[in-house]
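Trainee: One structure follows; several queries about it will come next.
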Amino acid sequence: MDIEAGKPVFVEELVQPRNQHVGRTVRVTGTLHSYSPTTDRASLVDGQYLVLIDTQLLGVMQYHLGQTYQFIGVVASVEDMQEAVPDDLFDDTRYSLATVLRARVAREVDALDVAVYKKSVAALRRFLDGADAARSTDDDTVNRRF
C-alpha cells in the first residue's frame, strides 16, 4: 500500500456539500477548537469554517486548544455520524458532519504565519495549473504532428 503525500487544502474546501476530496489524502491547517480523548475526535476551525478530525490513528498526544495545527490524513464520508457540534461556535460557522479527516499525522505549527501560508498554497496551485495547461498544449501539438 502506497501512502500519498497530503495535498494542501483549506478547511473551507472540506466542508463543501459536494466534497471532491473524499478518499484523497490532504493536509489541512487551522486552529484546534476542541478535542475529546474519549471519542478520539477533534475539531479544527479556520475563520468561519470547521472540520472534524478523527485522531484515532495518532496515539497519545497532548493537544492545546487555540493553537494552530496541521493534520495529514484521508478525507472520509461518514454515514450516521452522531457527532455533537461544539455549542460555542458563532452563528455563521459553516461545517459538515458528513465529512471527517482520518488523521495519520498531526503537528503543532503555532509559529506558522497562516496568511502567508495561504498565499503560498494559492501560488503553488496557480503554478501547477499553468504547468498542467502547458503540458496538455504540448501533448496536443505532438498529436497534431502525427
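The values are calculated or read from the model by the stated rules, or taken from the named source; none is laboratory data. Quantities reported herein were computed from a predicted structural model and do not represent experimental measurements. Glycine also receives a Cβ, built like all others from the backbone with ideal geometry; neighbour counts cover every protein chain displayed. Surface areas here come from the heavy atoms of the whole protein model, side chains and all, with no ligands, DNA or RNA. Shrake-Rupley method; radii C 1.70, N 1.55, O 1.52, S 1.80 Å.
Trainee: According to a simple spin-label model (label point 7 Å from Cα along Cα-to-Cβ), what is the distance in nm between D2 and H64?
Mentor: With each label placed 7 Å out from Cα toward Cβ, I get 3.8 nm.
Trainee: Counting only protein chains, not ligands or nucleic acids, how are H33, H64, H21 ordered by accessible area (probe 1.4 Å), most first?
Mentor: Highest to lowest solvent-accessible surface, that is H64, H33, H21.
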